[in-house]
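Asker: Questions regarding the structure given below will be posed in turn.
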Amino acid sequence: MKFGGTSVGDAECIRRAAEIVARAARESLVVVVVSAMSGVTNRLIATAQNLAQGKRDVDDLSTTLRAQHFAAADVLVADEARQSELKAELEPITGEVANLCQGISLLRELTPRAHATVSSIGERLSARLMAATLREIGLNSVAVEATDVIVTDDQYLQAEPMMDRVKERSNVRLRPLLDDGVTPVVTGFIGGTVDGVLTTLGRGGSDYSATTLGAALEADEIIIWTDVDGVLTADPRLVPSARLLREISYNEAAELAYFGAKVLHPKTLRPVVQARIPVWIRNSFTPDKGGTKITAVGHPTEHGVRAITAIPNVSMITIGGPGIVGAIGVAAKTFQAVASVRANVLLISQSSSENDICLIVDSADATQTVKALRSAFAADLVHHDVEHIIVNSDIAIVAVVGENMRGTPGIAGRTFSALGKSSINIIAIAQGSSEYNVSFVVEAKAMQDAVVAVHDEFKLDQAADVGL
Ligand code: ADP
Ligand code: ASP
Ligand code: MG
């Protein structure tokens, strides 16, 4: 069971989460994965970045985090001796924040390794609070640092778990606890290199921690507890009438996650596909509701479209000129340059009439990507085979997702005519060969209208799938 930031957002939420665990632990063996209390990771990263830029009027984060977690401890643990024990576990971690902040401020530099260490503090604190709360309500429980269990490569901010090693470590660190009737509470988001240096799995990565551990331990099921009823037909913040999907396939969920549905980290489904472990998304605030079940087969619908997603904060890079189309090796050179800066390409589209290739990356990666492209194409720019490499950061990607879109004619046509009726200009289009999605690029300011228009066109607010 994984609990996200809002599900452990304050003492009351932590208690509610602990009760969910306790209920399940009566019938099965449970491993708990927790996120940081909501907002904590953002605050840690913002402070570290401000200090690295030499800003001085930065919050004393060590003190505020200590106060926040101690206040939760006061509510969650009644007995004074046990309260002091818990605080003695939390204190050195908040102390580390002070040291890290001092170091960053002196060096005026935030290396990826230091960035990972700072941003992991929230999970290290919340795991201790959760374990203590479970003990308080009668379970045997300990906090476990995922650095010892989730072995990853050394990409400190986007680390990739090594499944064989994670299995070995899980059997050494977690299995014996379960066999002894102890409920482990593992820090989400965090991993560690073979040498034990802390890494992180990318923002929102606790979902991925949960499925990685679930797969390693061959769990019967994985439950991701969050603050919405499950996976909805669209982000409820964009489309208030979005409806709950009772069952979707791994492919659909992966596509939604990849194209911006924040409810799941993009890599969440990877570890479970082979073992066909079902993943549930459920609301920790209303634990009696069913949620969404993600399985290999999902739940077919009549028209194929299941959900709409959108990604803001992306940039479109266009490489254009007469030498582009048909020239052998241009695409290879383009993607080699993009890969050299480890930018994640979200969408590619090539047009022969316009003589250009355009690709979309996270806006955070745009500057370095363009730099790499300009250097790769330096000679072509001089000879005018490539005339321009330009960036447009005022755009968003919208994706229409569904398993049965394959072979369903007319989906693209209906999508684009709905956009036309709403006077939304389409900048670029891409259809994945998997046909799990049709995605297109619009101006950033038209993103929400585009999502609403397509959601309306396919009547996704009306129940199409038979509820479970
Ligand atoms: P947690 O802290 O539990 O990991 P997140 O904030 O990361 O939770 O993800 C849950 C949020 O994802 C929801 O509150 C919702 O606003 C957003 N979201 C975006 N798209 C969807 C969708 N299609 N279905 C459900 N939630 C979505
Ligand atoms: N706390 C981490 C983040 O905010 C990981 C997570 O919540 O999944 O990115
Ligand atoms: Mg999340």
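Asker: Pop out the ³J(HN,Hα) list for region 30-46 in order, Karplus 6.51 cos²θ - 1.76 cosθ + 1.60 with θ = phi - 60°, rounded to Hz; leave Gly and Pro as x.
Answerer: 3J(HN,Hα) across region 30-46, in whole Hz: 10, 10, 9, 10, 10, 8, 5, 4, 4, x, 5, 4, 4, 5, 4, 5, 4.
Asker: Another question about this same structure. Does anything in region 1-44 have its amide N under 20 Å from the 7 Å Cα→Cβ label point of Ala78, and if so which residues?
Answerer: Hits in region 1-44 for Ala78 at 20 Å: 11-23.
Asker: Put a dot 7 Å past each Cα toward the Cβ at Asn171 and Arg16; how far apart are the dots in nm?
Answerer: With each label point 7 Å from Cα toward Cβ, the separation is 3.9 nm.
Asker: Additional query: Quick one: length gained pulling Lys445 to Val58 fully straight, 0.36 nm per residue minus the C-alpha distance?
Answerer: Working it through step by step, the gained length comes to 136.1 nm.
Asker: Next question. Calculate, axis by axis, the spread of Cα positions in region 125-169 along the three principal axes, and write the results as whole Å, longest axis first.
Answerer: Computed over the Cα atoms, the extents are 37, 23, 10 Å.
Asker: Assuming R0 = 60 Å, can you tell me the calculated FRET efficiency for the pair Ile137 and Ala379, based on Cβ-Cβ distance, to the nearest 0.05?
Answerer: Rounded to the nearest 0.05, the efficiency is 0.30.
Asker: Still on this model: Which angle between 0 and 90 degrees, to the nearest 10, do you get for helix 61-76 versus the longest principal axis of the chain when only C-alpha atoms count?
Answerer: Its long axis makes an angle of about 60 degrees.
Asker: Which whole-angstrom value gives the distance between the alpha carbon centres of region 152-184 and region 48-84?
Answerer: If you average the Cα positions of each part, the centres end up 28 Å apart.
Asker: Quick one: helix 80-107 against the long Cα principal axis of the chain, what's the angle to the nearest 10°, folded into 0 to 90?
Answerer: Rounded to the nearest ten degrees, it is 40.
Asker: I'd like the FRET efficiency for Thr408 and Ala331, computed as 1/(1 + (r/R0)^6) with the beta carbon distance as r and R0 of 35 Å, rounded to 0.05.
Answerer: After rounding, the FRET efficiency stands at 0.75.
Asker: Restricted to Cα positions, what overall size does the chain have along the principal axes? Three whole-Å values, descending.
Answerer: Largest first, the chain extends 74, 58, 40 Å along its Cα principal axes.
Asker: A follow-up question, please. Using alpha carbons only, how many degrees (0 to 90, rounded to 10) separate the axis of helix 447-457 from the longest principal axis of the chain?
Answerer: For helix 447-457, the angle is close to 80 degrees.
Asker: Mind counting lysine pairs for me in the chain? Cα separation below 24 Å, and the two need to be 8 or more apart along the chain or on different chains.
Answerer: Count of close lysine pairs: 18.
Asker: What accessible area, in Å² to the nearest ten, does a 1.4 Å probe give for Ser7?
Answerer: 0 Å²
Asker: Mind checking the full-extension length gain between Ser241 and Ile390? Use 0.36 nm per residue of separation minus the Cα-Cα distance, one decimal, nm.
Answerer: Separation in residues times 0.36 nm, less the Cα-Cα distance, equals 49.9 nm.
Asker: Test of understanding: what is the full-extension gain from Val297 to Asp154, defined as 0.36 nm times their sequence separation minus their Cα-Cα distance?
Answerer: Roughly 48.0 nm would be gained on extension.
Asker: Let me ask something additional. Simple spin-label model, 7 Å along Cα-to-Cβ: Thr286 to Lys459 in nm?
Answerer: So the two model labels end up 2.4 nm from each other.
Asker: Once you place label points 7 Å from the Cα toward the Cβ at Asn42 and Asn99, how far apart are they in nm?
Answerer: 2.9 nm
Asker: Counting only residues 5 or more places away or on other chains, whose amide H sits under 5 Å from the amide H of Ala307 once H atoms are built in the peptide plane?
Answerer: Placed amide hydrogens put Val401 under 5 Å from Ala307.
The values are calculated or read from the model by the stated rules, or taken from the named source; none is laboratory data. What you are looking at is a predicted structure, and each value in this text was computed from that prediction instead of being measured. Cβ sites come from the backbone with ideal geometry, for glycine too, and all protein chains shown count toward neighbours. Heads up: the accessible areas ignore ligands, DNA and RNA and are worked out on the full protein's heavy atoms, side chains in. Shrake-Rupley method; radii C 1.70, N 1.55, O 1.52, S 1.80 Å.
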